[in-house]
Amino acid sequence: DHKNFKKIPFVTIDGEDSRDFDDAVWSENKKNKTKIMVAIADVSFYVQKNDLLDLEAKKRGNSFYFPDRVVPMLPTEISNDICSLVPNKERLCIVVEIELTKNVVSKFDIHRAKIMSVARLTYEQVDNIHYSNDSNNKYFKLIENLFESYKILNFNSKQRNKIKFETDEFEIINKLDNQFTFKKKPKLESYKLIEEFMILANENV
C-alpha cells in the first residue's frame, strides 16, 4: 500500500534536455532539526521480477544516451510517462525519509508512497534562483530549504574526507553536415546538491 505524500511539495531537478524524471527531493529546516525526503520512481510496481520487461531490461543493462537519441532500458511509455515524476501528476515512488538532529542522522524510514511533484526544475534554474536571491520566485523557499540541507550534508562529507573528483563534463552540440563541437558544462552547485541528497538516501537504504 502506498502512503499519501501528495501534499509534500517535491521538485525534480534535472538537465535541460532530460526526458524522464525518476527522482524528486524536498527538505525543511527547523532549529536543530532537518528533514529530507528523496523520492525515487517505483518502477518495481509496474515491472515484476522476471516478467518479459524485466528480462529485456536485464539484457540491456542500462539506458544508452546519444547526442540525438536515447535507447531506453525500459519502454518509453514507462520511463517517460507512467513512472516519470512530471509535475501535477500522481506518481508512485519509494520515498526515503531522513531526519537529522544537530547535523547527525537521528531517524530514517522508507515508504512506498504517492507523490505529486510541484515543479520540473533544471540545474541552471535552481542555481539562478538561489544565487540571485530571487525571493519573488514561487520556488524560492523550497530551493533555499534544499540548499540549507545541502550545506549540512556537504559539511558532513568534508568531515569524513569524502573524495572530491574534479572533472570536466562536456555536451555535444550538433551542427550541419554531421559536424559537431564539444561544449564544457558549467559547474553548478545544484549538481552537488542532488549528489549529496542521493548519497544520503543510498547510505540509509
Criterion: touching a Phe, Trp or Tyr at 6+ places or on another chain (Cβ under 9 Å) and either within 29 Å of residue 9 (Cβ to Cβ) or open to solvent by 30 Å² or more (accessible area, probe 1.4 Å) (or both) - qualifying residue of 50, 32, 103, 62: 103
Filter result for residue 135 (assigned to a loop (DSSP other than H, G, I, E, B) and either modelled with pLDDT of 95 or more or open to solvent by 100 Å² or more (accessible area, probe 1.4 Å) (or both)): no
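So which residues in the range 156-179 are in a helix (DSSP H, G or I) and surrounded by 12 or more Cβ atoms within 10 Å (Cβ to Cβ)?
From the range 156-179, those in a helix (DSSP H, G or I) are 156-159; that's our starting set.
Answer for the range 156-179, where residues must be in a helix (DSSP H, G or I) and surrounded by 12 or more Cβ atoms within 10 Å (Cβ to Cβ): 156, 157.
Going by the structure shown, is residue 65 out of contact with any Lys or Arg (no Cβ under 6 Å at 6 or more places or on another chain), hydroxyl-bearing (Ser, Thr, Tyr) and in contact (Cβ under 8 Å) with a residue 24 or more places away in the chain? Spell out how you get there, then give the answer.
Numbers: out of contact with any Lys or Arg (no Cβ under 6 Å at 6 or more places or on another chain): yes; hydroxyl-bearing (Ser, Thr, Tyr): yes; in contact (Cβ under 8 Å) with a residue 24 or more places away in the chain: no.
The answer is no for residue 65.
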Residue ID - least open to solvent (accessible area, probe 1.4 Å), chosen from residues in the range 79-92 that are hydrophobic (A, V, I, L, M, F, W, C) and over 16 Å from residue 119 (Cα atoms): 92
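Sort out which residues of the range 44-82 are of a type in the set (Asp, Glu) and outside any helix (DSSP H, G or I), and write them in order of number. Talk me through it step by step, then tell me what you get.
Quick first cut of the range 44-82, residues of a type in the set (Asp, Glu) only: 51, 54, 56, 68, 77, 81.
Hits for the range 44-82 are 51, 68.
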Residue within the range 115-131 that is within 21 Å of residue 19 (Cα to Cα), open to solvent by 80 Å² or more (accessible area, probe 1.4 Å) and of a type in the set (A, V, I, L, M, F, W, C) present: no
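The values are calculated or read from the model by the stated rules, or taken from the named source; none is laboratory data. Worth saying up front: this structure is predicted, and the values here are computed from it rather than measured. Don't worry about glycine lacking a Cβ; one is built from the backbone with ideal geometry, like all the others, and counts go over all protein chains shown. These accessible areas exclude ligands, DNA and RNA; they are computed on the full protein's heavy atoms, side chains included. Shrake-Rupley method; radii C 1.70, N 1.55, O 1.52, S 1.80 Å.
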